[in-house]
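The values are calculated or read from the model by the stated rules, or taken from the named source; none is laboratory data. Remember, it's a predicted structure, so these values are computed and weren't measured experimentally. All Cβ positions, even for glycine, are placed from backbone atoms using ideal geometry, and neighbour counts span all protein chains on display. Note: accessible area is taken over every heavy atom of the protein model, side chains too, but ligands, DNA and RNA are not part of it. Shrake-Rupley method; radii C 1.70, N 1.55, O 1.52, S 1.80 Å.
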Amino acid sequence: MKDSILTILRSLLPAGTPVDVSVPEQETFGHYSTNVAMRLASVKGAKKAGATPMAVAQELAVKIEAAAPAGFFEKIEAAAPGFVNFWLSKKTLQEEFKKVFSDKNYGRSESGKKKTVIVEYSSPNIAKILNVGHLRNTIIGESLANIFEFSGYTVIRWNYLGDWGTQFGKLIAAYRQWGDKKAVMKNPIEALQKLYVRFHEETKSDPELERRGQEEFKKLEGGDKENRKLWKWFREESIKELKRSYKALGVDFDVWTGESFFENEMKPVVRELCERGIAERSEGAMVIKLDAFNLPPALIEKSDGASLYLTRDIANLRYRLKKYKPAKILYVIGNEQSFQFEQLFAVAKVLKLDSAELRHVKYGLVRGESGKKLSTREGRTVSMNEILGKAVALAKEAVQKKNAELSEKEKNEIAEAVGIGAVKYNDLKENRMTDIVFNWERMLAFTGDSGPYLQYTYARMRSILRKSGYAERDAKDAGRDFAALDGDAALALMRKLFEFPDAVKKSNELLMTSPLADYLYKFASVANKFYETTPILKDENESRRQARLTLIETAARVLKTGLGLLGIQAPEKI
Ligand code: ARG
């Protein structure tokens, strides 16, 4: 819809004039509105000629009226201080709806055609329990990946595992001393984390341990068979368990290449950068000076010859650019690593590893209702599994009350979808840069700006369709007469539908899920209003009844697609 208006506008404006139309919050300011007149009036020539923004807007309004196809607009008005507001005619809305209804891929775009984007997310350190921070990371990354895919990009979902570093030497030392094979097999991540924690506690009284940890890592790096075997086993068991958590979240990755993959490249990379005069020795260590970027030097090799997290990221970047030729790489990782990425991106410029747009997709903390960092009663950070478990259990209680007649299996499935959907939506609706708050009650409420509310709206619409015997999209649909869709609530719902592609686009461009989530919430409210105020099943006029059902079917479909982009399921019943 927006595009049709833009086309008319562009045909009237000097070539290249930047112009956009937006949807005002209130209908009294038009279905759509543009501020282009104010922009035109501010250019030099116009000012001299004494053209006020309002005068330009009035003149433009008249021209648009004349240029638009007959009956396209219901009304065009200039409004102070220089807006042009448009109201579309019912016929235009109905015709547009017909297009939306018959477009099975509505909202999908080709803007990323032939472009690859690497979305790196989740990226936990293995042998460590996933916490609420990883949960944010995984939820945000997955949704952005979905949105890019929907916008036509080829998406590589990359889980960059933290699977290398001295901590694995420590883990091996700890396992040799206190390890229990069966415990690791049974509950790998928990058992390994316990070993790691014990190692740290015991080093306080036994400093010798620290040295042993370093030694084990040296051996691991040197290719020692036994240590390699242990490390590989820890890694595999961790991945198995990670996959179970990801499955619960409905998340999957194309690439699991982690830090260890780049280990053999560390020495050659450092040597090469040194030879090219890019890296230099400073107090025994190897650094890349970043004065030109107003940043402290990037440390790429410690004085003891050990490589660093940053060095692995440099090798990783080079590998990605060469292998995938991406247009963009998104690094989804918390605010606290901002400095690391400022340095990495500066190094990328120095090394001319600049063929892709590099973006640090940051996010804030998760806080409990008290406003403090979310933690258990004992002060430990809460694990991802604990959160998901609690959300599903709370959702189960609600489903039990709402839908006692369903089978246990159905209830469990719905509870999973609702519980996990609630956690996801609670995160994705916020501007990711801010900290988010866990308020269980609000998160799981079936009213208000929540995941369950959106799912409930979808289920309500599906229930209407089931009861109506509506045959989905049968051959007659194409010839359906939508002139009967002329009530205010129906027209408002249609207009809301038309905003969907733009909401996706905005989320895609800003690398933020909140515009899409916010749109879906408003959309659900308008949809609710339609089916609550308009007789549908009881409509006695058969052709109007069919038209209304079609609107419900289309709205349900778009809502499901939008929820899908957020990684949220839409159960048929709630
Ligand atoms: N494994 C790291 C951590 O848990 C995150 C990795 C982020 N990505 C990167 N390319 N450095 O802190």
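Whole number in Å², please: accessible area per residue of the stretch 214-275, 1.4 Å probe, ligands, DNA and RNA not counted.
On the way: 3560 Å² over 62 residues.
For the stretch 214-275, the per-residue accessible area is 57 Å².
Please list the three semi-axes, largest first and in whole Å, of the ellipsoid equivalent to the stretch 191-263, using sqrt of 5 times the eigenvalues of its alpha carbon gyration tensor. Don't jump to the answer; show the numbers that get you there.
Details: eigenvalues 155, 63, 18 Å².
Equivalent-ellipsoid dimensions as semi-axes: 28, 18, 9 Å.
Can you give me the long-range amide H partners of Ile300? Hydrogens built in the peptide plane at 1.01 Å from N, cutoff under 5 Å, separation of 5 or more residues or another chain.
Met286, Val287, Ile288
What Kirkwood hydrodynamic radius, in Å, does the stretch 384-526 give when the mean of 1/r is taken over all pairs of distinct Cα atoms and then inverted? If you can, show how the numbers build up before the last one.
Values: mean 1/r = 0.0580 Å⁻¹.
One decimal place: 17.2 Å for the Kirkwood radius.
Could you tell me the extents of the stretch 166-302's C-alpha atoms along the three principal axes, largest first, rounded to whole Å?
52, 44, 30
In Å, what is the Rg of the alpha-carbon atoms in the stretch 74-163, and how long is Dmax?
For the stretch 74-163, the Cα-based Rg and Dmax read 21.5, 64 Å.
Expressed as a whole percent, how much of the Cα-Cα distance distribution for the stretch 350-443 exceeds 23 Å?
Numbers: 1803 of 4371 pairs.
That fraction is 41 percent.
Evaluate the distance, in nm, between pseudo-label points positioned 7 Å from the Cα of Arg377 and of Arg228 along their respective Cα→Cβ axes.
4.9
For the stretch 239-290 and the stretch 295-374, what is the separation of their Cα centres, given in Å?
A separation of 10 Å, based on Cα centres.
On the protein heavy atoms, probe 1.4 angstrom, tell me the percent of accessible surface of the chain carried by carbon and sulfur.
Values: 13970 of 27390 Å².
Of all accessible area on the chain, carbon and sulfur atoms account for 51 percent.
Per residue, how much accessible area does the stretch 459-574 show when a 1.4 Å probe rolls over the protein heavy atoms, in square angstrom? All intermediate terms of the calculation are to be shown ahead of the outcome.
Values: 4760 Å² over 116 residues.
For the stretch 459-574, the per-residue accessible area is 41 Å².
Would you calculate a helix-derived [θ] at 222 nm for the chain, using -39,500 (n - 2.57) for each DSSP H run of n ≥ 4 and dividing by the full residue count, to the nearest 500?
On the way: 22 runs with 314 residues, N = 574.
It lands at -17500 deg cm²/dmol.
Using the basic label-point model (7 angstrom from Cα toward the beta carbon), what is the Ala404 to Leu295 distance in nanometres?
The answer from the label model is 6.1 nm.
Which distance in Å, rounded to a whole number, links the C-alpha centroids of the stretch 5-34 and the stretch 524-557?
30
What number does the chain give for Rg over Rh if you use C-alpha atoms and the Kirkwood radius? Mind dumping the intermediate values first?
Working: Rg = 28.5 Å, Rh = 27.3 Å.
Over the Cα atoms of the chain, Rg/Rh equals 1.04.
Out of the DSSP beta bridges found with both residues in the chain, what percent are antiparallel (nearest 5)? Mind showing how you got there, number by number?
Numbers: 22 of 40 bridges.
If we restrict to bridges inside the chain, about 55 percent are antiparallel.
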